[in-house]
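Derivation of every value follows stated rules applied to the coordinates shown; laboratory data play no part. All values reported here derive from a predicted model rather than from experimental measurement. Cβ: placed from backbone, ideal geometry, glycine included. Neighbour counts: every protein chain shown.
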Amino acid sequence: MTGEITIAPSILSADFAKLGEEIRAIDEAGCDWVHVDVMDGHFVPNITIGPDVVAAIRPHTNKPLDVHLMISPCEPYLEAFAKAGSDIITIHAEAGAHLDRSLQVIRGLGRKCGVALNPSTPESAIEYVIDKVDLVLVMTVNPGFGGQAFIGEMCDKVKRVRAMIGSRPIDLEVDGGIGPATAGAVAQAGANVLVAGSAAFKGGQYAENISAIRASAERIIAA
Ligand code: DX5
Ligand code: ZN
């Protein structure tokens with residue numbers, strides 16, 4: 001949890017034509033988790049992948065598959081994503097009326113569960129479910145696309161969520177616009193899991209990219 005930084009490259013920035021190879025490369029490059037962005041063209045204005053693709057990439061890494069569901073409704077698909085080999089399943093607080101129930105479904109499937117907040121959603125939306133999650137994801141861009149600019153105001157939300165978490169063993173993840181230039185600020189605010197799409201995959205030098213993001217975050221924590 002706190003004090004240690006987890007780097008989760010988002011395969012949204014990988015070459016989809018050779019996904020297995022890309023997963024193996026990012027694993028060998030030293031990532032901690034593999035972040036999988038699932039979009040439905042309804043909750044967010046883009047469409048990506050489904051449970052069959054998660055199942056197809058599963059044999060290519062032993063590292064945790066951190067599956068970020070940007071879909072609404074999410075409940076009809078939770079079992080399929082669990083069976084596909086997801087380790088962590090994160091759903092959005094805005095994706096349905098019954099967040100508490102959906103989180104319990106994920107736990108019931110034996111998977112770690114996370115709750116994500118869009119940039120405009122206050123942290124109070126998760127106050128009454130905080131004891132039912134393993135992870136809180138603070139979106140630092142509006143979900144839907146890689147390569148967007150980091151929303152600086154989210155550092156304040158990260159601080160507030162960190163305070164809400166207190167001593168609970170809950171990971172605090174940030175996603176969107178994270179790279180060496182922003183990793184320090186989010187780590188200082190209290191994030192311990194950093195998702196990076198473009199910054200992790202750019203230029204094909206995955207190990208250097210991951211090290212640079214990790215170094216920026218850890219430099220701040222050590223200071
Ligand atoms: C955005 C996704 C992110 C995205 C991050 O909707 O949830 O995981 O891939 O991409 P970058 O790091 O390029 O902002
Ligand atoms: Zn994501």
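Mind jotting down a quarter of the surface of the convex hull over the alpha carbons of the stretch 13-116, in square nanometres, one decimal?
6.2
May I ask for the net charge around GLY144, where only other residues with Cβ less than 11 Å from the Cβ of GLY144 are counted and Lys, Arg are +1 while Asp, Glu are -1?
Overall, the nearby charge balance is -2.
Which ³J(HN,Hα) values, rounded to whole Hz and listed in residue order, are derived for the stretch 108-124 from phi using the Karplus coefficients 6.51, -1.76 and 1.60 in 6.51 cos²θ - 1.76 cosθ + 1.60 with θ = phi - 60°, glycine and proline given as x?
Whole-Hz 3J(HN,Hα) from phi for the stretch 108-124: x, 7, x, 10, 6, 10, x, 10, 10, 10, 5, x, 8, 8, x, 5, 4.
Can you say what percent of the DSSP beta bridges in the chain, counting only those with both residues inside, are antiparallel? Round to 5.
Once the DSSP bridges in the chain are tallied, antiparallel ones form about 5 percent.
Helix-derived [θ] at 222 nm for the chain: sum -39500 (n - 2.57) over DSSP H runs of at least 4, divide by residue count, nearest 500?
So the helix-based figure for the chain works out to -10000 deg cm²/dmol.
Provide the net charge surrounding THR6, with neighbours chosen by a C-beta distance below 11 Å and charges set as Lys +1, Arg +1, Asp -1, Glu -1.
Once all neighbours under 11 Å are counted, the net charge is -3.
Once all Cα-Cα distances of the stretch 6-222 are split into 5 Å bins that start at 0, what whole-number percent is in each one?
For the stretch 6-222, the pair-distance distribution reads 1, 8, 17, 21, 22, 17, 10, 4, 0.
Can you check what the net charge comes to around ARG107, using other residues whose Cβ is under 10 Å from the Cβ of ARG107 (Lys, Arg +1; Asp, Glu -1)?
After counting each charged neighbour, the total is +2.
Please build a GNM for the chain, connecting alpha carbons under 10 Å apart, and tell me which residue among ALA97, ALA17, ALA25 fluctuates the most.
ALA17
Please check: in the Gaussian network model of the chain (C-alpha springs, under 10 Å), which one of PRO122, PRO64, PRO76 has the largest mean-square fluctuation.
Result for the chain, Cα springs under 10 Å: PRO76 fluctuates most.
Calculate the spin-label point distance for ALA149 paired with ALA181, positioning each point 7 Å from the Cα along the beta-carbon direction, and give it in nanometres.
Taking the simple label geometry, ALA181 and ALA149 are separated by 1.0 nm.
Name the most mobile residue of LEU103, LEU19, LEU65, meaning the one with the largest mean-square fluctuation, in a Gaussian network model of the chain with Cα contacts below 10 Å.
LEU19
Taking every DSSP beta bridge that has both residues in the stretch 129-223, what percent is antiparallel when rounded to the nearest 5?
Here the antiparallel bridges make up roughly 0 percent for the stretch 129-223.
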